[in-house]
1. May I ask you to say which residue of 278, 282 is free of Cβ contacts under 8 Å to residues at least 60 places away in the same chain and part of a loop (DSSP other than H, G, I, E, B)?
2. Would it be correct to say that residue 271 is modelled with pLDDT of 95 or more, assigned by TED's automatic domain parsing to the domain that holds residue 292, touching a strand residue (DSSP E or B) at 6+ places or on another chain (Cβ under 6 Å) and over 24 Å from residue 175 (Cβ atoms)?
3. Assess whether residue 299 counts as being touching a residue at least 40 places away in the same chain (Cβ under 8 Å) and in contact with a strand residue (DSSP E or B) (Cβ under 9 Å, 6 or more places away or on another chain).
4. From 74, 110, which residue is assigned by TED's automatic domain parsing to the domain that holds residue 54 and closer than 24 Å to residue 40 by Cα?
5. Suppose the filter is more than 29 Å from the chain's Cα centre (by Cα), at negative phi and at pLDDT 95 or above; does residue 26 pass it?
6. Starting from residues that are surrounded by fewer than 17 Cβ atoms within 10 Å (Cβ to Cβ) and outside any loop (DSSP other than H, G, I, E, B), keep the ones in the range 36-64 and report whichever is nearest to the chain's Cα centre (by Cα).
7. Working only within the range 65-103, note down all residues that are surrounded by 18 or more Cβ atoms within 10 Å (Cβ to Cβ), assigned to a loop (DSSP other than H, G, I, E, B) and either at pLDDT 90 or above or touching a helix residue (DSSP H, G or I) at 6+ places or on another chain (Cβ under 6 Å) (or both).
8. Wholly within the range 166-250, which strands (runs of 3 or more DSSP E) include no fewer than the required count, namely at least 3 residues that are at pLDDT 95 or above and within 24 Å of residue 272 (Cα to Cα)?
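The values are calculated or read from the model by the stated rules, or taken from the named source; none is laboratory data. Only a predicted model underlies this, so the values are computations on that prediction, with no experimental measurement involved. Don't worry about glycine lacking a Cβ; one is built from the backbone with ideal geometry, like all the others, and counts go over all protein chains shown.
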């Protein structure tokens, strides 16, 4: 009886050991294929594999995998790799910043329900505070702080109105001086493009902005940092180095979009999300994220 119990325990433990490692193809280049149940198919970004699968890497090809939602590793040497032998590669050796992105990609590419890319903020470090002001204007916490370098395309600052109104006043103040705006205008839409006042901004300067129904006051201020092009370029180069050993252009563009959004570079994030969707138009996650991002920030 004891032997039987011990045997069952060992079988359960062995089954758990093999079941705990699962893999997802994050990026690849060249001739890479997956063998499952003696059937060989071409690799595809987002493809999941269990320990019964085998990955075949041809000469000159490379693949980057995510393991168990947390670890990421690259295989660049040609050969045939049984996934049940890759447990040692499932070690986490990256920063928490990169870990958030890895968990996000795993979740989005393996989920069966919901809209891919719509819950990005749940995996980001920087989440805006809840607004507590009482007025007829509501500004999404995503816009609490916006970093803008001026190197990307058009991007709006937007808000919602709880009251029916046809005109809104937008004011931009230098940080520390909330009485005299450096720019003020009246608009008829619930947003204003950054391009309409970028000439008023000085690189390396922090501003506060507010919107209000014309004739009303709004004391709530949001932050706009006009970052120098040099500072943004340095950040971008740092983010590029935080990727996997191998990333195809589409995967790198998507990761940069995610990380730039997390760092509040929204116009710049839009540029890279758009690039990812263009480079790999068949990827549902990339296309869906771009649509979700545009909806979140009122980008047309």
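1. Values: 278 fails: part of a loop (DSSP other than H, G, I, E, B).
Only one candidate qualifies: 282.
2. Numbers: modelled with pLDDT of 95 or more: yes; assigned by TED's automatic domain parsing to the domain that holds residue 292: yes; touching a strand residue (DSSP E or B) at 6+ places or on another chain (Cβ under 6 Å): no; over 24 Å from residue 175 (Cβ atoms): yes.
No.
3. On the way: touching a residue at least 40 places away in the same chain (Cβ under 8 Å): yes; in contact with a strand residue (DSSP E or B) (Cβ under 9 Å, 6 or more places away or on another chain): yes.
When the stated conditions are applied, residue 299 passes them.
4. On the way: 110 fails: assigned by TED's automatic domain parsing to the domain that holds residue 54.
Only one candidate qualifies: 74.
5. So residue 26 does not fit the description; no.
6. Ranking the candidates gives 48 first.
7. Passing the criteria: only 86.
8. Working: elements: 168-174, 183-187, 191-193, 205-213, 222-226.
By residue number, 191-193, 222-226.
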